Amino acid sequence: MTLDPQAEFRATARDYAGLARELFALSHRRSPGLTIAVLLTQALSLVTVAATALTLRAAINGAIDHDTGTAVAGAVGAAVVYAATAALTDLGYNVKGQLVDRVAVLDLPASIHRDIALLDGLEHVERSDFLDRVTIVLGAPWAIVNGFWSAVTAVFGVLQLGVSLVLLGTVSPWLLLLVLFAAAPLWFDRRGRRCVSRAETETAEAVRLQKHLFDTASEAAAAKEIRVAGAGGELARRQAALWEEAADHRFRAQLHAAAWRVGGWTLFTAAFVAALAVVIHRTARGHGSPGDVVLAITVASTLRGSVEAAVGRTTDSVAAQRFVDPYLWLRRFVADRRTHGSGDLATPPRLTEGIVLDRVSYRYPGTDRFALEDVSLTIPAGTVVAVVGEYGSGKTTLVKLLNRFYRPDSGRITVDGVDLASYDGAGWHARTSAAFQDFGRYRTVFSETVGLGDLPHLDDHERVAEALHEAEAAAFVSRLPQGVNTLLGRALGGVELSEGQWQKTALARATMRREPLLFVLDEPTASLDAPSEQEIFQRQMARARELAARTGAITVIVSHRFSTVTGADLILVLDRGRLEEIGSHHELLARQGRYAELYGIQATAYAGS
């Protein structure tokens, strides 16, 4: 449903007001003294505007009237005010900078990363609109906080304009018309900044892609293939082309913005010159004193400076809009996902019935082909399930649906008769454990990269040792320079593991949890040799039986080697997203269907080798 313009404006205003309140609260919580100091310096600047003009008028009129006391008092007052103005300007700038830096480094980034990391599921990280905003927002904390405080100083700038206009009105009411022209640079600048903000969002995908190409060309993992293929020049060419495309688009937007700003300042300058001409003409005809001329010139000059400062602060504030708008979009997205994205039921302590898929279909965003289509099956509690099929058959998609990384487009998944979506997402994830084919490589102390599999037991070395034993990883860990205390990652001055060692580490991490309800092994031995794979699968099969007896856990094994899954209770055969066959190893062989065909092909291939 599309909001009408007024409703959309009100919603946007509420978002901006809510963000302003939060940023002020963050600033005050982080540094109450600096927050008060920023407001105080801005408030005192209002006084200095009036004091400067009035003391100068008193000094000039006193000198002309031969009133020495008034002239001296006015001159001294003007000198004091000038000094105070300079001190306040410098102090205000530095205090504001300190406050912005602290909040932008210590508070807002943590909030942004927490919002992104705690979103339920994985679908959002595969959406280009989400990734475009994240690309912008991750580099935005300083600009967002600075934009807020620039808006605050812009408000005080407008109040300074008000004080200036009141003083001008005492000379001639016609001078009040300057307020209309003083607003022109603000309006023109805002129009220009909208062009820049729109260009930032439109080019975010190109910027993200060129950064990916740059990272690919400079990472050690891809260095060998790039050099063998001679692809370095092509990667550099494509990265440069994408950067040029984004830079050209943004440069054109900057030119449009500059044209708008020139127009606004031209209009104000013309009005400023006309106003001075009016004051001089009136004084020449006896309708005012020389002090009034000085006051008018001083205030008009201050007015120009105030407008310039207000435009500058408003420019900073509006410039932050290109970061604030994506940030607000991200906040709304996160809030909506939290409202509609997770149930609130507690995960059961053990499975008693099992998991049922009822006509489940799913396709990835931006594609027209189902990754899974109309899949129905029942997995009793305590079952060991093997999922087999060719590449692209939907095996990993099924696993991700069971882990609740995705939600079915149609159909539903129930756990002990309750829709999986009704359970609290964090609670369900806390009762699952998985070793994925595309596992993480965490560059930290070895014991921690394993302990992350069960965060409350991160420092439990006894449990880490047990997990290493379960993953057949204890032997290679004992050969590391500092054992489990070895730092991983050559780039950080640590040790780099082989692909097989990284995979065993990931498997150890997956076995840290002792009472999962769902245990997933998605190609957990793809980088290992056949003997190691067989030994690990035998050990994990025994562990699956222990988990089944303890919590009724369901173990799901995805493997491309059929010989490793013959001991599973159920074997699911997937083909192009559809469930072709289901049964035990012996049942499927007896049917002489797809499973028997693939098993025979693989057995013949291994026998021949």
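Structure data summary
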{"read-out": "Rounded to whole Å, sorted largest first: equivalent-ellipsoid semi-axes of segment 440-514, Cα gyration tensor", "value": "18, 13, 11"}
{"read-out": "Kirkwood-type radius of segment 474-609, with distances r between different C-alpha atoms, in Å", "value": "17.1 Å"}
{"read-out": "Interchain or long-range residues, amide H under 5 Å from GLN437's placed H", "value": "ASP522"}
{"read-out": "Ranking of LYS395, LYS96, LYS504 by count of other Cβ atoms within 10 Å, fewest first", "value": "LYS96, LYS395, LYS504"}
{"read-out": "Part-to-part distance (alpha-carbon centres) for segment 95-154 and segment 382-420, which is given in Å", "value": "34 Å"}
{"read-out": "5 angstrom amide H check on VAL495, placed H, neighbours 5+ away", "value": "LEU487, LEU488, GLY489"}
{"read-out": "Label point distance in nm, PHE24-THR378, each placed 7 Å from Cα along Cα→Cβ", "value": "6.1 nm"}
{"read-out": "Estimated vicinal HN-Hα couplings, Hz - segment 534-550 in sequence order (Karplus 6.51, -1.76, 1.60; Gly, Pro = x)", "value": "4, 5, 5, 5, 4, 5, 6, 5, 5, 5, 4, 5, 5, 5, 4, 5, 7"}
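The numbers here are math on the coordinates, done by the rules we state, and not lab data. This is a predicted model, so every value here is computed, not measured. So basically every Cβ, Gly included, is an ideal-geometry build from the backbone, and we count neighbours across all protein chains shown.
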